[in-house]
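Just so you know, all these numbers are worked out from the coordinates, no wet-lab data involved. In this text, all values refer to a predicted model and were calculated from it rather than measured experimentally. All Cβ positions, glycine included, derive from the backbone under ideal geometry; neighbour counts span all protein chains shown.
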Amino acid sequence: MHALKLSLSLTAAALLSSAVLSQDEGDSPKTHEATALVVIEEAPTYLIQANEVVVAPGKTIKNGQVLVKNGMILAVGETVTAPDDAIVVQGETVCAGFMDAWSSLGIDPASVAEMGTGATTETASAVDHFTQDHFRVEARNAGVLLARSQVGKDASIGGLGAVLATSPAGAVVLDDACLSFTCGITRSGRRGDVFDRISEADSIGSRIASGIPYRQSLVEYSYELAEWDKAIAEKEEELADDFKKAKKDRDKEIEKAEEKGKEFKEDRYKEDKRPRAPSLDPDKAVFARAAHGEIPVIVEVHGTQELRALLASTADLPRLRLVLLGATHAMPFAEQLAARRIPVIVRPMAAGQPAEPEFKGHDLGLAGRLEGAGVQVLIGSGGSVAGVRDLPVLAQMAVAHGLSEKAAFEALTIGAARAFDIGADFGTVEAGKHAELIVLNGSPLSGRATYVFTGGELVEL
Amino acid sequence: MSLLRNRTLVPIAASFLFGILPSASAAASDTVVIEAGRIITQAGDDIIDGVIVITDGRISAIGAAADIETPWDAPVMGGPDYTAFPGFVEAHTNRGMDRPNENLDVTPFLNVRDSIDPVNAYFEDCKRWGVTTLNVQQGNNTVVAGNGRIVKPVGVTVEEMTIRPDFGYKISLAPKGGKSRATQRQTLNRTFNDLRDNLTNMVESAKQDEDFARREALGQGRERDADEGEGRAMLGTGWTVDGLEMVKRSSIDEKVLPLLEMVEGRHRTFIYCGAPMDVQPAIDFATMNGLLGTATLVVDDSCWKAADAIKASGMSVILDSNMLHIERDPVTEEETETFVPSVYAEKGIPFALTSANQSTNSLWFQAALCVGYGMDRGAALAAVTTTPADLLGLGEVVGSLEVGHAGNVLLLSGDPLDMTSWVEYTVIDGEKIYDRSKDIRNKHLLYGVEPRGATAIESDASETPSDIEVDGVDKPTDEATEEEVTEEHADGHGDDHGDEKEVEETVKKD
């Protein structure tokens, strides 16, 4: 079990190295906890004044104020008590920073393209804060302050995804945000036939399901071992009590043997066999976490056949938290998705945008129709690096085709944060949360960002 | 009586050897005296008109000629025209082996001993360019590589060349061929996680055996025999497995043992970073596994960007041979040049330079380049002598000319950073192992002198029967003719030898 380390650094000198090199030991459930930021005494306090504070989707405060220090939101309200030396930042709107639920920003490109990833491959181990800085800057300028990035983007198992911050210093916000799969997509220019795609979908379900007996065997073993330990301890006590007698008997036996001129043979000692420990399997340990809903499972899947197969193969895993990616032909399954509370991360694409065959039939109305059917919609830029900055525009395209503005805003903020288990720390403008905020000159989706607060820094745009 | 005989015979024997065989090695004598117009000691001020006395391979005295009493009977090398300088120390190289890397990811059970080729031309070049100490490690295209060793470029067997056997391991954070950074790190993490699991299992099974044996003895009414020899408890600053003393070290697999000893801090590690993004993970990896005290970072030219993290870790670096990092801004296309060693010098991070190739861009070229880019001369020279020596734990042995240090001395024709300087003599452990006036390859390349043997058949042409001279026309048909040819060659050698003496004189005049 290891704790999540979050290091949004304030200055390079104050940067405490985050233990990105985390290890997966065993299958013990992992808690998602964010550690406090580096506290710098002389860090300034900021007072944000806005005509509209968008606290959460559908909840706003007119003429409100937000107090920020050390990268944390201290207070939100119509008027908040601010120290005299607080720096005042003004704007039309202030809202939570956007999060791209489907990107590969901030990681080594070769790791994104890698096809040999497995369940224990960690996106956090390919984080690169040194190159491609301009993409981070562009994303930040568009108000995208968090991105769920993924190595092994097109591999059948991409491994553990991470949530990264686009702050100037860069940071890993969460190093085990999800376990990622793809199903029936084009890999290296080839897409399998329908049978390949269905069998891929089946194998995702059975792989995840294999984690359940694995964990069960570990638990059973621990109980069996405790029982055996207890029994054997009692037995040893008995043996110790009987030792004098046993020794006398043995001495007699030796004497006898000598008299007869035979070789003395020790009595055979018998005891209950110790239970055998199941062999450790780090992959299955990750699948167990997924099967038990400790981390969400993201599956990129588009066609109806593989969607049907995937939903069927995961139907017996009640605790699994499945999230669909792309899901071009999801509408026939909308009812089931809504009933099983499976969110869909859509990728609204402009016409003529090059796309693989699985996107054939893509239309911008999908997000709105899914919303109408009661499915939770999230929005991603499609696993790209350069496209992250387009996220608000993509959301607007979905809005233009029927998605409600509230749902679009939710998709970019608290919806995405909740889907990846960081909803308690990000996604809304509430006291106690991280101050990943955008100050805009208009409404959240159509206004231009004038300031962003990220990683404890105020960045003027 | 015998004592007297020894005293008289040694000098006689020595003079006999030197008189008759001018090329005979100075090692025949216990003591060698090196004279130089200037000695750059790398341990304080230069010495003008100095002498170095080397006894039994080690420097026994060094100082101004006026202050040092030299044994009257010791052979003398050098003279007022020469500059003496400590032999260069190559902090890290994968040259001199049949190939630098293996196909397998994790190979700590391999040893470069089995790969070093003592007659590799590289070692000849080392003598020629004054590199007297080399840390041979496997290449960077690995996850965990085999065991390295420190050698000198002298000897016909690896054992003869060895200064420190079984020295250090290479670990790479940059992706090995066919991997990406994510999968490279996955393999590396799993290697050390497996190590811990393995050791834990061994301890567990040893405990079980011991418990069973105790119960068995109780049940049988038998007093137990005293315990046999046990293993050692695990050391290490990163993590340890309790109870390892129950496991005999000799029972641990050869694939596991080197890794265990690494974590225990018994081996040096050289951790390669191929990009700045590898540096923090490398430091984290070293910290987690208790390698901080024994690891040195081997960094590529772009890693200067992570210099602050390196500084904070307290680790030293071995630099890539490419010292000028050029980067193009992806937006403005503007090029930025960074002279990498200067960054480390300014941050106060100990750094060693490495050769770009085995001859022309060797260590003194690299040091001179540093000075050309404005680095302090002392810092540049230290980066090819004392710093690498310290990095290899040989600071008390090589890298500077001091009493007690190995007698590794270069006699240069001028300043070590002057592009017109030559290594005239290379002395290792008091033994003259290179003499430029006898360097056949140099003479061939610079003065067009054909090496002995290369022209043997041509020069003997007039004396050779015409029917066997032309290859392929009339080949010798019987054994008798072949023998004749061999004899001709043998004669030819004698003639050549004479020619070469003349050549040597010409070279010296030049």
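When the Cα positions of B:136, A:164, A:143 are compared along the charge dipole of the protein assembly as shown, A:143 comes out farthest toward the positive end, with charges on each C-beta of Lys, Arg, Asp and Glu. Residues whose amide H lies under 5 Å from that of residue A:297, counting only those 5 or more places away or on a different chain, are A:179, A:321, A:322, A:323; hydrogens are built 1.01 Å from N in the peptide plane.
Beta bridges assigned by DSSP with both partners in the stretch B:36-171 are antiparallel in approximately 65 percent of cases. Under a 5 Å amide H cut-off, with hydrogens placed 1.01 Å from N, residue B:274 pairs with B:173, B:174 among residues at least 5 apart or on other chains. Annotation for residue A:268 and residue A:233: the two label points, set 7 Å from Cα along the Cα-Cβ direction, are 3.0 nm apart. With a threshold of 25 Å on the Cα-Cα distance, the over-threshold entries among B:152/B:311; A:153/B:176; B:170/B:311 are B:152/B:311. When the Cα centres of the stretch A:158-189 and the stretch A:204-281 are compared, how far apart do they sit, in Å? Distance between centres, Cα-based: 47 Å. Placing a label point 7 Å from the Cα of residue B:311 along the Cα-to-Cβ direction, the residues of the stretch B:335-367 whose backbone N falls under 18 Å from that point are B:338-352. Helix A:304-313 and the longest principal axis of the C-alpha atoms of chain A enclose an angle of approximately 40°. Extending 7 Å from Cα along the Cβ direction at residue B:211 and again at residue A:308 yields two label points whose distance is 5.4 nm. The order of B:429, A:390, B:278, A:108, going from fewest to most other C-beta atoms within 10 Å of their C-beta, is B:429, A:390, A:108, B:278.
For the peptide A:116-123, the mean number of other protein chain Cβ atoms found within 10 angstrom of a residue's Cβ is 4. Lysines near residue A:230 by alpha-carbon distance under 19 Å, same-chain residues fewer than 8 away left out - which ones? Hits, sequence-local ones excluded: A:270, A:273, B:207.
Divide the volume of the convex hull around the Cα atoms of the protein assembly as shown by the residue count and you get 319 Å³ per residue. Peptide A:130-140 has a mean of 3 when you count, residue by residue, the C-beta atoms of other protein chains within 10 Å of its C-beta. The charge dipole of the protein assembly as shown, taken about its Cα centre with unit charges on the Cβ atoms of Lys, Arg (+1), Asp and Glu (-1) only, comes to about 4900 debye. If you fit an axis through the alpha-carbon atoms of helix A:243-260 and take the longest principal axis of the Cα set of chain A, what angle between them do you get, 0 to 90°, nearest 10? Between helix and principal axis, roughly 50 degrees. So what's the angle, to the nearest 10 degrees on a 0 to 90 scale, between helix A:194-241 and the longest Cα principal axis of chain A? It is inclined by approximately 40 degrees. Available extension along the chain between residue A:203 and residue A:79 is 39.1 nm, counting 0.36 nm per residue and deducting the alpha carbon span.
Centroid-to-centroid, using Cα positions, the stretch B:228-285 and the stretch B:300-362 are 29 Å apart. The phi torsions of the stretch A:100-111, fed into the Karplus equation with coefficients 6.51, -1.76 and 1.60 and a -60° offset, translate into couplings of 8, 7, 8, 8, 9, 5, x, 10, 4, x, 5, 6 Hz, rounded to whole numbers, with Gly and Pro shown as x. By the rule of a C-alpha distance below 25 Å, with chain neighbours fewer than 8 residues away ignored, the lysines paired with residue A:260 are A:244, A:245, A:247, A:248, A:252. How would you classify the stretch B:260-407 from its alpha-carbon gyration tensor, with a ≥ b ≥ c the square roots of the eigenvalues: rounded for a/c under 1.5, else prolate if a/b is greater than b/c, otherwise oblate? It is oblate, given that a/c is not under 1.5 and a/b is not larger than b/c. Specify whether the C-alpha gyration tensor of chain A places it in the rounded, prolate or oblate class, a ≥ b ≥ c being the square roots of the eigenvalues: rounded for a/c under 1.5, otherwise prolate if a/b is larger than b/c and oblate if not. It is prolate, given that a/c is not under 1.5 and a/b is the larger ratio.
Rounded to the nearest whole Hz, the Karplus-based 3J(HN,Hα) values (6.51 cos²θ - 1.76 cosθ + 1.60, θ = phi - 60°) of the stretch B:318-327 follow the sequence 10, 8, 5, 5, 7, 9, 10, 8, 10, 9, with x at glycine and proline.
Computed from the C-beta positions of residue A:339 and residue A:217 and an R0 of 30 Å, the FRET efficiency is 0.40 to the nearest 0.05.
Taking every DSSP beta bridge that has both ends in the protein assembly as shown, the antiparallel portion is near 60%.
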